[in-house]
Amino acid sequence: MSTSITIPRPDDWHLHLRDGAMLAAVLPETARDFGRAIIMPNLVPPVVTGAQAGAYRDRILAALPEGMAFEPLMTLYLTEDTDPTDVAAAHASGLVKAVKLYPAGATTNSASGVTNFDKVRPVLETMAEIGLPLCTHGEVTDNHIDIFDREAVFIDRVLDPIRRSTPGLRVVMEHITTANAADYVRSQDSDLGATITTHHLIINRNHILAGGIKPHYYCLPVAKREEHRLALRAAATSGDARFFLGTDSAPHTDENKLQACGCAGCFTATNTMPLLAHVFEEEGKLDNLAKFASENGPNFYRLPVNAGSLTLVKNEAATAFPSHITSEDGPVTVFDPGFPVHWKVA
Ligand code: DOR
Ligand code: ZN
């Protein structure tokens, strides 16, 4: 016997596509199931100007296989030299849908990020005026702060002060990993939203560290205690309009993951939707999957919900997902939830 669910074609509100050979390898994995995605700008060098975002968008569309429909929603990487006029023009032209804040040194390719938040004040004020959302990698980078506390400290020391001093600034707290972040979102108005990844609904820090170190579960922000994973599940499946899907699917070759100093990132583009169906069913909230994956995101970004649909089917037999995808740079391991999943995209 099989069960099925049909939802409006989902979007991914936080995605790493990279460039060149890796872009060509990973793009179809997302475009197969998703209508649009917010494309992270942390290339080397980063996507800083409107002109660079336009060129990157062209490369993405050129890499899209024939017959696949997918709209990349471009972002700019905020630096201390970002020009507010360029940001406003890139937004007015319809090209850029958000600006990404990486605290300098927080994660992969974040060296050009922000250290002195006073320097980006004019850009933030422009963004508040024009309604352009700021996407935040919400972790402080201070080495004195324990890595498991960096998100909670970021809210108090950076995010809340920025929001108080920039009224009207619309903010997406990306890939939240703590109950603290979910509570903060709920305590604020609708100018604040948050994305939640697929993997943070599935793993806690034991998955990374207990019984041997598992580099493929290492990402940033790092997965926290079980109580936080449960809080994220409650937020994601609640239907609350402020929480929506951002996979943070972040491909790195196995060679770069399986290192003495391995890269952060889980690659979930291939199996995200079946995994989410599993999680939402487990929580008894399958009816809210459409809100999380297809409706809340466009509503926050003031875009229409996609016209198409996606059907997920639950079968007797467990679904066999590929263990990895191949790229000219080398294999990329697909996130393994560690339990059988019976859902499949029809
Ligand atoms: O795990 C992560 N990988 N977190 C990030 O913030 C960046 C990303 C990447 O680009 O690999
Ligand atoms: Zn990311």
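The values are calculated or read from the model by the stated rules, or taken from the named source; none is laboratory data. Keep in mind that this is a model prediction, so the values were computed, not measured. Reconstructed Cβ throughout: ideal geometry from the backbone, glycine too, with neighbour counts over all protein chains shown. SASA here: full protein model, heavy atoms, side chains in, ligands and nucleic acids out. Shrake-Rupley method; radii C 1.70, N 1.55, O 1.52, S 1.80 Å.
Can you confirm whether Pro28 is under 21 Å from Thr247 (Cα atoms) and within 16 Å of ligand 2 (Cβ to nearest atom)?
So Pro28 does not fit the description; no.
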What number of residues within segment 147-176 are surrounded by 14 or more Cβ atoms within 10 Å (Cβ to Cβ), closer than 23 Å to Asn299 by Cβ and not aliphatic (A, V, I, L, M)? 5
Qualifying positions in segment 112-127 - buried (at least 18 other Cβ atoms within 10 Å of the Cβ) and not polar (S, T, N, Q): Gly113, Val114, Val120, Val123, Leu124, Met127
Filter result (within 16 Å of Tyr102 (Cβ to Cβ) and surrounded by fewer than 18 Cβ atoms within 10 Å (Cβ to Cβ)) within segment 1-48: Val44, Pro45
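With the condition kept exactly as written, say whether any residue in segment 1-14 is in contact (Cβ under 8 Å) with a residue 12 or more places away in the chain and over 20 Å from Leu275 (Cα atoms). Step through it out loud before you land on a result.
Initially, segment 1-14 is screened for residues in contact (Cβ under 8 Å) with a residue 12 or more places away in the chain, giving 1-14.
Restricting the remaining residues to those that are over 20 Å from Leu275 (Cα atoms) gives none.
No, there is no match, as no residue in segment 1-14 is in contact (Cβ under 8 Å) with a residue 12 or more places away in the chain and over 20 Å from Leu275 (Cα atoms).
Tally up the residues in segment 257-275 that are open to solvent by 30 Å² or more (accessible area, probe 1.4 Å), within 14 Å of ligand 1 (Cβ to nearest atom) and free of Cβ contacts under 8 Å to residues at least 60 places away in the same chain, please. Reasoning before the result, please.
Narrowing segment 257-275 to residues open to solvent by 30 Å² or more (accessible area, probe 1.4 Å): 258-261, 263.
This time we only want the ones that are within 14 Å of ligand 1 (Cβ to nearest atom), so: 259, 261, 263.
Narrowing the set further to residues that are free of Cβ contacts under 8 Å to residues at least 60 places away in the same chain leaves 259, 261.
So the count comes out to 2.
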Somewhere in segment 79-93, is a residue modelled with pLDDT of 95 or more, more than 26 Å from His324 (Cβ to Cβ) and open to solvent by less than 10 Å² (accessible area, probe 1.4 Å)? yes
Specify the residue that is nearest to Asp254 (Cα to Cα); the eligible residues are those in segment 212-231 that are open to solvent by less than 40 Å² (accessible area, probe 1.4 Å) and within 16 Å of ligand 2 (Cβ to nearest atom). Tyr217
Ala318 vs. criteria in a loop (DSSP other than H, G, I, E, B), over 25 Å from Glu71 (Cβ atoms) and of a type outside the set (S, T, N, Q): yes
Does any residue in segment 105-120 that is within 14 Å of ligand 1 (Cβ to nearest atom) come within less than 6 Å, Cβ to Cβ, of a residue that is not in a loop (DSSP other than H, G, I, E, B) six or more places away or on a different chain, and which pairs are these? Gly113/Pro103
Expected output for segment 238-252 (first residue within 16 Å of ligand 1 (Cβ to nearest atom), partner basic (Lys, Arg), Cβ below 8 Å, 6+ apart or cross-chain) is Pro251/Arg18
Matching residues, segment 184-202, being in contact (Cβ under 8 Å) with a residue 12 or more places away in the chain and either surrounded by fewer than 24 Cβ atoms within 10 Å (Cβ to Cβ) or part of a helix (DSSP H, G or I) (or both): Tyr184, Val185, Arg186, Gln188, Ser190, Asp191, Leu192, His199, His200, Leu201
Of Thr49, Thr75, the only residue that is polar (S, T, N, Q) and within 15 Å of ligand 1 (Cβ to nearest atom) is Thr75
Selection over segment 1-60 where residues are closer than 30 Å to Val114 by Cα, in contact with a Leu (Cβ under 9 Å, 6 or more places away or on another chain) and in a helix (DSSP H, G or I) yields a count of 12
